[in-house]
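Structure first, then comments.
The values are calculated or read from the model by the stated rules, or taken from the named source; none is laboratory data. Treat the numbers as computed from the prediction; the structure is a model and nothing was measured. Please note: Cβ atoms are built from the backbone with ideal geometry, for glycine as well, and neighbour counts cover all protein chains shown. These accessible areas exclude ligands, DNA and RNA; they are computed on the full protein's heavy atoms, side chains included. Shrake-Rupley method; radii C 1.70, N 1.55, O 1.52, S 1.80 Å.
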Amino acid sequence: MPEQKAIKNLQIPGVSPPSKSCSDPNCPWHGSLRVRGVLLEGIVEKFRAKGSAVVRHEYLYYERKYKRYEWRKTKKLVHVPECLDIKEGDKVVIGETKPLSKTIKFVILGKI
């Protein structure tokens with residue numbers, strides 16, 4: 001019977017630790033992956049290869065020439081830990097980490 005790993009306290013407001021346990025080394029809750037840098041909110045658009053997904057992040061941008069704000073959006077490739085139950089269309093919090101691959105530099109921390 002595998003031992004329960006201790007859950008790290010990430011102290012991120014609005015995000016609670018998952019109830020399931022996992023053995024993923026790139027899990028911010030149960031593994032050794034550190035979250036550093038920016039925290040963003042986004043919507044899961046689709047799942048890619050095993051353990052990765054595409055998250056759409058929308059933000060306000062100030063256009064100096066026209067002195068107006070506009071909505072912009074970008075897509076980020078993220079790592080999905082095994083212990084989180086994430087589906088397409090979920091609103092999630094993602095955190096910046098060390099580069100996990102050529103394009104994946106963010107990890108999903110939890111649902112909102």
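Before moving on, here are some points about what is shown:
- Annotation: cysteines of the chain without a disulfide-compatible partner (Cβ-Cβ under 4.7 angstrom) are 27.
- Counting protein heavy atoms only, the chain has 50 percent of its accessible area on carbon and sulfur, 1.4 angstrom probe.
- Chymotrypsin sites (Phe, Trp or Tyr not before Pro) lying in DSSP loop within the stretch 38-108, provided at most 12 other Cβ fall within 10 Å: 66
- Scaling the Cα radius of gyration of the stretch 12-98 by the globular reference 2.2 N^0.38 Å produces a ratio of 1.25.
- Which listed pairs, of 73/105; 8/73; 20/105; 8/75; 8/87, have C-alpha distances above 20 Å, in listed order: 8/73; 20/105; 8/75; 8/87
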